[in-house]
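**Q** Dumping the structure here so I can ask a few things about it.
The values are calculated or read from the model by the stated rules, or taken from the named source; none is laboratory data. Just so it is clear, the model here is predicted, and its values are computed rather than measured. Because the Cβ atoms are built from the backbone with ideal geometry, glycine has one as well, and the counts that use them run over all protein chains shown.
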Amino acid sequence: MSELEKQLKKGVLNIVILKMINEKDMYGYEMIQIIDEKSNGYFKLKEGSLYPVLYRLEDEGLIESYWNKEPYKRTVPRKYYKITNKGIAVLKVYAEEWNDFLMGTKSILKGESF
């Protein structure tokens, strides 16, 4: 993987995670699985990459965590993450900025030669 690819992946994790937990509350391993599946294997996150992002988003007040044990199952409680109102507002800004970034980049890359 090139350095550019690493930086691009790192740069979109905030918006990807916020978008996912805006749809529904999730726990970390569930996020890893869904990101892998929805990206057709492009994003192969490890816990060591995901959890620092989650902690940072939580510190910024964009997400909150809570423990939940599924009723009627003999499982260990899981730490779920949910988006906050501030997170929803920031996600909207991120999505607009991402679309502007994509349009600008596509325009340059498919444009005529310099």
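**Q** Taking segment 76-114 as the region of interest, how many residues are at pLDDT below 90, within 23 Å of residue 20 (Cβ to Cβ) and loosely packed, with under 10 Cβ neighbours inside 10 Å?
**A** Of the residues in that region, 1 qualify.
**Q** Which one is farthest from the chain's Cα centre (by Cα), of the residues in segment 62-75 that are under 22 Å from residue 17 (Cβ atoms) and among the polar types (S, T, N, Q)?
**A** Per the criteria, the residue is 68.
**Q** Consider residue 54 against the criteria (1) over 12 Å from the mean Cα position of the chain (by Cα); (2) surrounded by 15 or more Cβ atoms within 10 Å (Cβ to Cβ): it satisfies all of them except one. Which criterion is unmet?
**A** (1)
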